[in-house]
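Peer 1: Input: one structure, supplied below.
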Amino acid sequence: MAEQQIRFEDGAAYERMMGAWSRIIGGIFLHWLSPSPGLRWIDIGCGSGAFSELLVERCAPGEVQGVDPSEGQLAFARTRPAARLAQFRRGDAMALPFPNGSFDAAVMALVIFFVPEPAKGVAEMVRIVAPGGMVATYAWDIEGGGRPTEPIDAEMRAMGLTLPMPPSFKASRMENLRELWKGAGLAAIETREITVWRTFADFDDFWATTVTSASVAPVVARMAAGDVARLKERVRERLPADAAGRITYGARANAIKGRKPG
């Protein structure tokens, strides 16, 4: 696996692919967190605002702050209905622009593997929550084949292609998440695996959506047309359709939560 830079600048494109997956899995994650209403939340690496919108819709928050390094993503997030409450600003997960103890809950949704130094990112989450506050994340199980792009990833690997990987993809392993949370001094640590399923109208719908992924698109763009056609057929064979032509498959994430002592 290659550790190449993956960039997310097109909020609308991200929303078509990963935003939908984020909403599916984010709902299960929030149910697991079981938060009280009225909390002050920070969504770190908020991207297109998909998870921030879930917070506004489902958690009756007192405040939601979304932070992301991409102005393109933030611009899309600000068009969401959630922007009636949520505020979105540019920021670095390893140097958050908020005072100590500003929030009741700090969350990274599908982000921790993009943080160059995950331990610094978790330390910042701990810093900006109040004593007793919650610190949580969920991340695709990349090394375990849990990414939503895995049907394409697997066939690319079989064809000898090099895939771009997040800089800290190993952080998504459950044992590494536990070490990060323990190392940050968090208490009442709990973990769980979350598997979700998504259905596409047909294979063409799946392909057109998934090939826009920031990890897949640059590889496909460098491929010869014949190789792209071969890849597409290999993926089609991997994903049999049902009687109506629909394609359904799953993705898996590792989740962890803990409390700041105090």
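Peer 1: How are the alpha carbon pair distances in region 26-155 distributed across 5 Å bins from zero to the largest one, expressed in percent?
Peer 2: In order of increasing distance, the bins hold 2, 11, 21, 23, 21, 13, 6, 2, 1, 0 percent.
Peer 1: Follow-up question, since we're still on this one. With a 10 Å Cβ neighbour count serving as the proxy for reagent exposure, in which order, fewest first, do Asp43, Asp92 appear?
Peer 2: Asp92, Asp43
Peer 1: Kindly express, to the nearest 10 degrees and within the range 0 to 90, the angle between helix 174-183's C-alpha long axis and the longest C-alpha principal axis of the chain.
Peer 2: Compared with the principal axis, the helix lies near 20 degrees.
Peer 1: Ok, one more. Under 18 Å Cα to Cα from Lys182, which lysines show up? Leave out anything in the same chain fewer than 8 places away.
Peer 2: The qualifying lysines are Lys120, Lys170, Lys257, Lys260.
Peer 1: Can you tell me which of 193-199, 166-172, 109-115 comes out highest on packing, and rank the rest after it, using the mean Cβ neighbours within 10 Å?
Peer 2: So the peptides 193-199, 166-172, 109-115, ranked by packing, come out 109-115, 166-172, 193-199.
Peer 1: Of Gly250, Gly49, Gly26, which has the largest mean-square fluctuation in a 10 Å C-alpha GNM of the chain?
Peer 2: Per the Cα network of the chain with a 10 Å cutoff, Gly250 tops the list.
Peer 1: Report the dimensions of region 94-215 along its three principal axes from the alpha-carbon atoms, largest first, rounded to Å.
Peer 2: Projected onto the principal axes, the Cα atoms of region 94-215 cover 49, 30, 27 Å.
Peer 1: Follow-up question, since we're still on this one. Mind ordering 202-208, 235-241 by average Cβ neighbours within 10 Å, highest first?
Peer 2: Order by mean packing, descending: 202-208, 235-241.
Peer 1: Based on Cβ point charges of +1 for Lys and Arg and -1 for Asp and Glu, what charge dipole magnitude is obtained for the chain about its Cα centre, in debye rounded to the nearest 20?
Peer 2: Taking the Cα centre of the chain as origin, the dipole is about 400 debye.
Peer 1: Quick check on the chain: of the DSSP beta bridges with both residues there, what percent are antiparallel, nearest 5%?
Peer 2: 50 percent
Peer 1: Roughly how many whole Å is it from the C-alpha centroid of region 96-149 to that of region 219-262?
Peer 2: 24 Å
Peer 1: In addition: For helix 225-238, what angle does its Cα long axis make with the longest principal axis of the chain, in degrees from 0 to 90 and rounded to 10?
Peer 2: For 225-238 against the chain, the angle is about 70 degrees.
Peer 1: Among rounded, prolate and oblate, which fits region 16-70 when a ≥ b ≥ c are the square roots of the eigenvalues of its C-alpha gyration tensor, a/c under 1.5 means rounded, and a/b larger than b/c means prolate?
Peer 2: In terms of gyration-tensor shape, oblate.
Peer 1: Also, I was wondering about something else. Measuring from the lowest to the highest alpha carbon on each principal axis, how far does region 168-262 reach, largest first, in angstroms?
Peer 2: 58, 34, 17
Peer 1: Using only Cα atoms and rounding to the nearest 10 degrees, what angle (0 to 90) does helix 118-128 make with the longest principal axis of the chain?
Peer 2: 40 degrees
Peer 1: Please list, by residue number, everything in region 139-163 whose backbone N is under 19 Å from a paramagnetic label point 7 Å out along Cα→Cβ of Ala229.
Peer 2: Inside the label zone: 156, 159.
Peer 1: OK, next. For all pairs of alpha-carbon atoms in the chain, what percent lies in each bin of width 10 Å, listed from the first bin to the last filled one?
Peer 2: Result, from short to long distances: 7, 31, 36, 19, 7, 1, 0 percent.
Peer 1: Considering the dipole of region 48-180 built from charges on the beta carbon (Lys and Arg +1, Asp and Glu -1) around the Cα centre, which of Leu161, Pro118, Gly91 is farthest to its positive end?
Peer 2: Result: Gly91, furthest along the dipole toward the positive end.
Peer 1: While we're on this one: Average projected area of the Cα convex hull of region 216-262, in nm²?
Peer 2: Mean projected area of the Cα convex hull: 6.6 nm².
Each value in this text was obtained by applying a stated rule to the coordinates, not by laboratory testing. Keep in mind that what you see is a predicted model, and the values were worked out from it rather than measured. So basically every Cβ, Gly included, is an ideal-geometry build from the backbone, and we count neighbours across all protein chains shown.
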